[in-house]
Structure formats: structure tokens, C-alpha cells
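**Student:** Here's a structure for you.
What follows is calculated from the coordinates using simple rules that are stated; it is not laboratory data. Being a predicted model, the structure only gives us computed values, none of them experimental. Here Cβ is always computed from backbone atoms with ideal geometry, including for glycine, and neighbour counts include all displayed protein chains.
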Amino acid sequence: MKKYMVLCAGLCAAVAFTSCKSSKETAYRKMYEKAQLQDQNGAEQNQGNEEIAVVAPVVEKPATETVVVDNADNVPVRQENLSVVSGNGLRNFSVVVGSFSVRANAEGLQSTLKSRGYDAQVAYNSSNQMYRVVASTFDVKTDAVRSRNELRAQYPDAWLLFNNN
């Protein structure tokens with residue numbers, strides 16, 4: 001008999017809790033409906049007024065490096081103003097294999113390249129304060145491209161530089 005009374009009491013409690021909505025749920029529903037009403041009223045008021053979009057102006061910055069592409073072979077070439085720090089001087093087209101902010105690191109790569117038979121040079125770009133390590137330098141672009149392609153086996157980020165000095 002006790003079992004039946006406990007079972008009935010539990011069943012009644014379960015029915016009582018599931019049939020009543022919680023006060024939180026009704027409060028959330030009221031807030032949701034209020035917010036919807038405010039959105040509708042705001043939309044009706046703004047129908048007559050057109051909004052003007054504010055666009056920030058485009059700020060142009062001067063380019064410190066330009067990429068020059070020769071249409072004959074479509075090989076990209078950078079143009080920078082460099083001053084030779086260590087070496088014999090740069091010709092029109094040079095193959096750059098390293099860029100460093102510390103001069104000692106650039107000179108270390110230069111000595112490695114010289115020990116491998118290259119006429120390596122270090123040049124300084126004062127606009128971005130970088131030391132460029134040049135492995136080889138040429139008067140003709142096709143020779144520089146050929147040298148760059150050979151050096152990319154050892155230095156995959158090698159690139160061409162046009163010296164306009």
C-alpha cells in the first residue's frame with residue numbers, strides 16, 4: 001500500500017511540474033514580444049527617412065618599392081635605391097638571396113657565398129633599413145634570370161633587383 005501511495009504522489013508531482021509553464025519562460029516571451037514591437041515601430045518611423053551611408057576616405061600611401069615587369073619575359077623585378085656596403089658595385093640587374101636587418105648577418109651570408117665562388121656583395125636600403133645580400137649582378141636581364149633560377153635550388157626566395165643608380 002505504501003508503494004502505491006508513493007507512486008501516486010510522484011505521478012501527481014510530475015504532472016504538476018510539466019503542466020505549468022515556468023515564470024522565466026513567460027517573462028522571456030514578454031520581453032521578446034516587446035522587442036519585436038519596438039523593431040516594427042522603429043522600421044515604420046524610418047521608412048520616410050533615408051539613411052545616408054558614411055564612407056571613410058581612401059588614404060593613399062607612397063610606394064617604397066615598385067615591381068617592374070618586363071613584358072618580354074614576364075619575370076618580376078624589384079626596384080630599390082641601394083648603396084653598396086661591401087663589394088665591387090652593382091650592375092643593372094642583381095640576384096638577391098637574403099635580406100637582413102643586422103649587417104653582421106648579411107656579411108655572414110656574403111662570406112658563405114664567396115666561399116662557394118660567387119662575387120657576393122652587401123647593399124643597404126635606407127628606406128626600409130634592410131641589408132640586401134646580392135649573389136651575382138649582370139648588365140642583361142636574361143643572364144640575371146638564369147642565375148636566379150640556378151640559385152633558387154639553394155635559396156628558394158631569391159629575387160631580381162633592378163638598380164636604377
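**Student:** Please list the equivalent ellipsoid semi-axes of the stretch 73-120, computed as the square roots of five times the alpha-carbon gyration tensor eigenvalues, in descending order and whole angstrom.
**Tutor:** 20, 13, 11
**Student:** Could you sort the peptides 112-124, 85-97 by per-residue average Cβ neighbour count (10 Å cutoff), highest mean leading?
**Tutor:** Final packing ranking: 85-97, 112-124.
**Student:** With each pseudo-label sitting 7 Å past Cα toward Cβ, what's the S115-D139 distance in nm, one decimal?
**Tutor:** 3.3 nm
**Student:** Now for a separate question. Label points 7 Å out from Cα along the Cβ direction at L7 and N81: separation in nm?
**Tutor:** Each label point is offset 7 Å from its Cα along the Cβ direction, giving 9.7 nm.
**Student:** Test of understanding: what is the full-extension gain from Y32 to N74, defined as 0.36 nm times their sequence separation minus their Cα-Cα distance?
**Tutor:** This chain segment gains 8.9 nm when fully extended.
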